[in-house]
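The structure under discussion appears below in the form of structure tokens.
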Amino acid sequence: MSFSSKPKFVGADTNHNPAMGWYREMGCSVEDLRNVGNGVSDLLIGCAGITDLAEVKFENGELRKSQKTFNQRWRGSRPWITRTQDDAISHVADMRRRARKL
């Protein structure tokens, strides 16, 4: 029997890969963090000089306890919950608005 030191993969929502594409289509950098574990959000998004985390969920998906704990302890901007393409569009618009204020 072999053991891996990698975090256990819980499984991605079926909209995970499409969500990465939605962000990339809008000119964002996207890094997939879903295998980091410990409640860390699924995606690292870069746009207009702003860096955010995004958690990809099904339309009615709930955050796991570890994700809620991570979000409460995180000292950066609140991770964005992305359920639909419209959510990704709103997120990028918000990032661009914040960039203009810098």
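Which one of these does residue 52 not meet: (1) crowded, with 18+ Cβ neighbours inside 10 Å; (2) modelled with pLDDT under 95?
Among (1) crowded, with 18+ Cβ neighbours inside 10 Å; (2) modelled with pLDDT under 95, the lone unmet condition for residue 52 is (2).
Under 9 Å between Cβ atoms, at least 6 apart or on separate chains: pull out the pairs that start in the stretch 81-96 with a residue that is closer than 23 Å to residue 64 by Cα and open to solvent by 60 Å² or more (accessible area, probe 1.4 Å) and end on any residue that is of a type in the set (Gly, Ala, Ser) and not in a loop (DSSP other than H, G, I, E, B).
Going by the 9 Å Cβ cut-off, the qualifying pairs are 83/19; 85/19.
So how many residues does the stretch 18-37 have that are open to solvent by 30 Å² or more (accessible area, probe 1.4 Å) and modelled with pLDDT of 95 or more?
Qualifying residue count, the stretch 18-37: 11.
The values are calculated or read from the model by the stated rules, or taken from the named source; none is laboratory data. Remember, it's a predicted structure, so these values are computed and weren't measured experimentally. As a convention, Cβ positions derive from the backbone with ideal geometry for all residues, glycine included, and neighbour counts pool all protein chains shown. Just so you know, the surface numbers come from the protein's heavy atoms only, side chains and all, with ligands and any DNA or RNA stripped out. Shrake-Rupley method; radii C 1.70, N 1.55, O 1.52, S 1.80 Å.
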